Amino acid sequence: MKRVAYCELRGGAGFRLVLAALGLVMGLGLASAWVMEHYGHVVTGMDNQVVWGAPHVFAVFLIVAASGALNVASVGSVFDRALYKPMARLSALLAIALLVGGLAVLVLDLGRPERLVVAMTSYNFRSIFAWNIFLYTGFLALAVAYLIVMMGRGLGGLAKPVGLIAFLWRLLLTTGTGSIFGWLVAREAYDAAVMAPLFIAMSLAFGTAIFILLLAALVWASGRVPDTALLVRLGRLMGIFVAAVLYFVAVQHLTNLYAAEHAGLERFLLVNGGVYPLLFWTVQVGLGSVVPLGLVLLWRPHSPWVPMLAAALVIVGGFAQVYVTIIGGQAYPLELIPGRQVSSSFGDGSIAAYTPSMPEVGLGLGGVALALVVVLIGVRALRILPENLTGDQAEVAAAPDARILHP
Amino acid sequence: MCVRHLFAVLVVGLAAILGEASLAQDTKQVPTAGRTPVPLPAKGKGEQCVAPVEWMRRNHMTALEHQRDRTVREGIRTRQFSLKGCIECHAVPGANGRPVGVADARHFCRTCHDYAAVKLDCFECHASRPAEAAQRAGRIDVQKDVAELARYLEGLER
Amino acid sequence: MSGDVRGQAPCGCDAGAGEARPSAEEANAAGIHSARRWFLKSAAAFTTVALAPGVTLMALTGGASPSAARPPSQPASSGQRWGLLIDASRCPEGCSACVSACSQENGWKGTGHPRTDAQWIRKLTVRDPKSSVTRSVPMMCQHCASPPCVDVCPTGASFKRADGIVLVDKHICIGCRYCMMACPYKARSFIHEPLTDQLAHAPRGKGTVESCTLCVHRVDEGRTPACVEACIGAGHGAMMFGDLNDPQSEIAKRVATLATRQIRADLGLDPGVRYQNL
C-alpha cells in the first residue's frame, strides 16, 4: 500500500527571489492604495458613471476564483475521487489565499477604507453586499477548518462533513457574488437571475485554471516534473467548466437579445461598443474559451504544457469577461426615460469612457501578489504539497484514501 | 567628585521637571510656553458650557455621536450637543479677525486633540468654523429679495 | 414603458409616442388656475417682506411654504411625505436657476475635474426621437418610497427618513458606491477628492457618497428647498414642494387631479418627485 506523504516546499535562493519580487508588487499595491486614499478617487479612471473600475475587476476575479479553487478538494472529499485527494490541501490553501487577495483589493478601494470596522459592525440585512461579508468571512473560516481537519492528526474523519459544508458554502458564496450584479434592477446589463449560476460556473473555471498553473509551478519548484496525465485530467475538468460558462453567457445574451428593449445594450456589448465587443469576442470567447476547450477536450496531448497553456488562456479570458461585465455594463448609459433621448452635463444618455489608471492596476496586481505570497508562505511552512503526484489510475487505486494514510 | 557633581545636577533637574509638572496639574494656569505643555483651549462664549466642563471633557465625543445620529436619522436638531453649536461658541479669532479653521493649531478642538494625539475626523466633512452671518441665516439679501419680488410679480401679471 | 404615459391619459386615445394632447391641455389649464391661487398667496408674503424686510425675511416663500417648522426636539414624522412636482412645460431649456441655487446652498461646485465632479441636481434635456420635441427638466434624487440605494447599502448608511427624504449618513458610509450602481436615476455622486470650507449645514467629504437632500436642513425649519425657491424667484414656478400625504396641500391636490408621472415608474419605486407635461 502506498502512502501519501506531504512535505514543505524547500526554500532557497529561487524561493526568496520569487518572494521578494512578489513583495515588491505588493508594495506597489499598497502605494497605489495610499495614493487613492490620499488624493481621493480623482486619480483613478473611475467617476460617477463608471463607479466600479479595475480594482473591482481584480477583486471579483480573485474572489470568484477563490471559491472555484476549492473545487479540487471538494471533488476529493465530497465526491470521493481518490485522484484529487492528495491535492486537497493545496486546493484549500489556494482558496484562502485568493480570497484574502481579492478582499484586500476590495477593501483598499473603498472611499473610506479606515471604516472597515463599520462594515464589520453595522449591517443592513436587505443588502446582498452585507450578506456577502458573512459569506466571505465564513468561507475563510471554513477553508481554514477544512485545512486543519485534513492536516490534523486523527481529524481525518471530519474531512468529509467539513468538505461538504465548504462545498455548499461556496455555491452560496458565488451565488451571492453573482447576485451583487444580478439584483441591480436599475441596470440593464445586470438585473438577471442567470448572474448567479454564471458566476458559479466562472468560479469553477477560473479557480481550476489557477490551480493547474500553481500546481505545475510548485511541482517544478520542488524539483520534479508534473505528471502529464494528472494535468490533462485537471485540464479536462476545467474544460467542462469553461463550456458551462459559455453556456450561461449564451443564455444571458440570447435572453437580452430577445427583448427589444435591450437591443441597444446588446449592440453595444457585442457589436459597436469599441473595446468591449473586442474583448468579448477575441479574448473572452475566442482565446479564453474556444481555444482552451479545443486544447483540453479535443486533443489528447502528451505534454503538460498543453493543459497549462489552456489554463493560462482561461485566466486571461476570465479577466476579459469580468472586465466586460463590470466596466462594459456601467459604460452603457441608464435608460432614464424609456422611449426618449436624454442628455445632460452629467453624462446622461451617452457612453462613458473609462481608462484604468496606474493606481487601480497597481492595487489589483498587489492583490494578486498578496494571494501568491500567502500560497508560497503556506507551502513553505506547512505540509501542503504531496511528495508524489500522479494521474495514473492504477497507482491512485493503490492509495485509495489520502486521509487515513498521511503520516 | 566629578561624578557626584553630575549626579547632583541630574537630581536637581529632575526635581525641577517633576515640580513644574505637578504645579501644572494643580493650577491649570501654566502658560503653554512653559516646559511642560498643557492644552489651553480658548474659552467659549457665554457664562458656561452646555454641560459641566469636567463632564464635557470626558464625554463630549459620546454626546456628539448621539446627537449626530438623532440629527441625521431623525431630524432632531436640538442645540445642546450640536457640533455646530460647539463650533460657534468656541470659535477662536485668527489674525484677520475671522475664526480660525481646523488647519490652524489654535483651533479649539485641535488644542486638546493635538495634545492627546487623537485623530479628529469630524472636519473632513464638517465646517470647522462658524458660518458667516449671511450663510447662517441662509437667506438671500434684501436687495435681491425685492428685485426678485418685482420680477415675480411681473411674471404673475403676464 | 410608454404604457404608463398612455395609462394616465383619461381619454385613452393617445395612439403613439407623441404627447397626450387633450389631457395635457386640461392639465395645463387646471395647473394654471391652482398655480395662480398659490402665487397670490405667495404675493401676500412678499408684501410683508417689502414692508419689514429685516423681520419677516424668512417668509420669502413663507406664505406659500407647505411645511410648517417643526420644533427642533421633534423627530421627522412618518405622517408626512415630502415631494416635488415639476412642470416640464414651465421649465425653460436655458434656465438653470435650480442648479445654481442648489450648488450655492449646499456648497458643491466644480473642482476643475468635471469628469468626477458631484452634481446633486442637473438639467436634463429630453427629446422625442420622432417629433424632435424637447423638454428640459431638473433631475435629482427622486426620494423613492422603496429606494434601491437603501436596500443595497451594506452598512445602512443610505437610509430613508420617516418623512420620506432619502439621505446618506456619511458617518457610516464606507464609500463602496454600491448605491450608485443601484440608483436608476444616476442621482448620486461620489466625492473624489479632499474638500475644505464646507458649509456648516451641508457637511460633505472625500470618500463618501452624496446626493440631493431635499434641503433637509431647510425643510426641518419649515422652509422650501433652495431649487424650488430659485425656480419661483426666476419667475418660472415650475417646481412645487410639499407634503404628498396631506390632502389639503397644493401638491397633493395637483397630484390627485392632474396627469403627473414618475420617472421609471415601471420599476415600482414610487418616487416622491413627480413630473407633469413631460
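At-a-glance table
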| read-out | value |
| --- | --- |
| Residue within region C:140-159 that is part of a loop (DSSP other than H, G, I, E, B), of a type in the set (A, V, I, L, M, F, W, C) and more than 9 Å from chain A (Cβ to nearest Cβ) present | yes |
| Residue check, residue A:215 free of Cβ contacts under 8 Å to residues at least 24 places away in the same chain, buried (at least 22 other Cβ atoms within 10 Å of the Cβ) and touching a Pro at 6+ places or on another chain (Cβ under 9 Å) | no |
| Residue match in region B:118-132 (condition: among the small types (Gly, Ala, Ser), in contact with a Lys or Arg (Cβ under 9 Å, 6 or more places away or on another chain) and at pLDDT below 55) | no |
| Among the residues listed as A:22, A:9, A:70, A:17, the single one being over 22 Å from the mean Cα position of the chain (by Cα), at pLDDT 95 or above, over 30 Å from residue C:115 (Cα atoms) and hydrophobic (A, V, I, L, M, F, W, C) | A:17 |
| Any hit, region C:82-100, residues being in contact (Cβ under 8 Å) with a residue 12 or more places away in the chain and at the interface with chain B (Cβ under 10 Å from one of its Cβ atoms) | no |
| Which numbered condition residue A:81 fails, given (1) under 16 Å from residue A:204 (Cα atoms); (2) surrounded by fewer than 24 Cβ atoms within 10 Å (Cβ to Cβ) | (1) |
| All positions within region C:167-189 that are of a type in the set (Val, Ile, Thr) and either within 16 Å of the chain's Cα centre (by Cα) or at the interface with chain A (Cβ under 7 Å from one of its Cβ atoms) (or both) | C:172, C:174 |
| Residue within region A:218-232 that is crowded, with 21+ Cβ neighbours inside 10 Å and of a type in the set (Phe, Trp, Tyr) present | no |
| Selection from region C:231-253 of residues that are among the small types (Gly, Ala, Ser), assigned to a loop (DSSP other than H, G, I, E, B) and more than 12 Å from chain B (Cβ to nearest Cβ) | C:249 |
| Filter result for residue A:112 (closer than 27 Å to residue A:324 by Cα and free of Cβ contacts under 8 Å to residues at least 40 places away in the same chain) | yes |
| Filter result (β-branched (Val, Ile, Thr), more than 7 Å from every other protein chain (Cβ to nearest Cβ) and surrounded by 19 or more Cβ atoms within 10 Å (Cβ to Cβ)) within region A:316-346 | A:322, A:324, A:325, A:326, A:327 |
| Residue in region A:62-77 that is surrounded by fewer than 24 Cβ atoms within 10 Å (Cβ to Cβ), of a type in the set (Val, Ile, Thr) and either touching a His at 6+ places or on another chain (Cβ under 9 Å) or in contact (Cβ under 8 Å) with a residue 40 or more places away in the chain (or both) present | yes |
| Options C:115, C:122: the member that is at the interface with chain A (Cβ under 7 Å from one of its Cβ atoms) and either assigned to a helix (DSSP H, G or I) or buried (at least 16 other Cβ atoms within 10 Å of the Cβ) (or both) | C:122 |
| Complete set of residues in region C:193-230 that are more than 8 Å from every other protein chain (Cβ to nearest Cβ) and assigned to a strand (DSSP E or B) | C:202, C:210 |
| Test: residue in region B:138-150 that is at pLDDT 55 or above, assigned by TED's automatic domain parsing to the domain that holds residue B:46 and either surrounded by fewer than 19 Cβ atoms within 10 Å (Cβ to Cβ) or closer than 29 Å to residue C:228 by Cβ (or both) | no |
| Selection status of residue C:266, part of a loop (DSSP other than H, G, I, E, B) and either surrounded by fewer than 22 Cβ atoms within 10 Å (Cβ to Cβ) or not acidic (Asp, Glu) (or both) | no |
| Residues of region A:227-282 satisfying the condition of being small (Gly, Ala, Ser) and in a helix (DSSP H, G or I) | A:229, A:235, A:239, A:243, A:244, A:250, A:260, A:263, A:264 |
| For residue C:164: the one exception among (1) in contact (Cβ under 8 Å) with a residue 40 or more places away in the chain; (2) assigned to a loop (DSSP other than H, G, I, E, B); (3) within 10 Å of chain A (Cβ to nearest Cβ) | (3) |
| Test: residue A:174 is more than 9 Å from chain C (Cβ to nearest Cβ), closer than 21 Å to residue A:99 by Cβ, touching a helix residue (DSSP H, G or I) at 6+ places or on another chain (Cβ under 7 Å) and part of a helix (DSSP H, G or I) | yes |
| Residue match in region A:239-261 (condition: within 14 Å of chain C (Cβ to nearest Cβ), in contact (Cβ under 8 Å) with a residue 60 or more places away in the chain and not basic (Lys, Arg)) | yes |
| Yes/no for residue A:273 being in contact (Cβ under 8 Å) with a residue 40 or more places away in the chain, under 23 Å from residue A:351 (Cα atoms) and touching a Lys or Arg at 6+ places or on another chain (Cβ under 8 Å) | yes |
| Every pair of residues 6+ apart whose Cβ atoms lie under 7 Å, when the first sits in region A:115-142 and is more than 10 Å from every other protein chain (Cβ to nearest Cβ) while the second is buried (at least 21 other Cβ atoms within 10 Å of the Cβ) and charged (D, E, K, R) | A:139/A:170 |
| Residue ID - farthest from residue A:151 (Cα to Cα), chosen from residues in region A:1-41 that are in contact with a Lys or Arg (Cβ under 7 Å, 6 or more places away or on another chain) and of a type outside the set (A, V, I, L, M, F, W, C) | A:40 |
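The values are calculated or read from the model by the stated rules, or taken from the named source; none is laboratory data. From a predicted model like this one, the values you see are computed outputs, not experimental measurements. Counting neighbours? That spans all protein chains shown, and the Cβs are built from the backbone with ideal geometry, glycine included.
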